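Inspection log for the structure reproduced underneath, given as structure tokens.
The values are calculated or read from the model by the stated rules, or taken from the named source; none is laboratory data. All figures in this text were calculated on a predicted structure; none of them were measured in a lab. Cβ: placed from backbone, ideal geometry, glycine included. Neighbour counts: every protein chain shown. Calculation scope for accessible area: heavy atoms of the full protein, side chains included, ligands and nucleic acids excluded. Shrake-Rupley method; radii C 1.70, N 1.55, O 1.52, S 1.80 Å.
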Amino acid sequence: MAVVPKVLIPPKQAEAVQTAQYTAPLGARTRIDKFTGTNTNAAHVTISVWLVTVGGSASNANLIVDTKSVVPDETYLFPELVGQWLEPGSFIVTQASAATTLTIRASGVEYTS
């Protein structure tokens, strides 16, 4: 079994529409070890995060973080996501309340057999 630590989502500004940010590769399971969101705006920003199974779409059935408010200059560490597993082909979807205001980043480990 290969264990590969990696950046799942390089630092980027979260979009204001539902956007797939990372997909677990076929033949690998992925564990999320860290997920951060930093508000670079002067106002509160919200973000939602879905963990979607392969072939699915973002919905209430896979919503993990629901419109979490991040205050100006705050970095939120998303404990709800740490330790979560993505099966092969599953993916992370995010949506911020405003574009170019919240910088996200995620890291974890991919396990392949």
### Task
Would you please list the contacts, defined by Cβ atoms under 6 Å and residues six or more apart or on different chains, that run from a residue in the stretch 55-74 that is of a type in the set (Val, Ile, Thr) to a residue that is open to solvent by 50 Å² or more (accessible area, probe 1.4 Å)?
Ile64/Glu80; Val65/Glu80; Val71/His44
### Message
For the stretch 30-42, give me each residue that is touching a residue at least 40 places away in the same chain (Cβ under 8 Å) and either open to solvent by less than 10 Å² (accessible area, probe 1.4 Å) or outside any strand (DSSP E or B) (or both).
### Response
Thr30, Ile32, Phe35, Gly37, Asn39, Thr40, Asn41
### Query
Which of the residues that make up the stretch 52-91 are part of a strand (DSSP E or B), open to solvent by less than 50 Å² (accessible area, probe 1.4 Å) and over 19 Å from Thr103 (Cα atoms)?
Val52, Leu63, Leu86
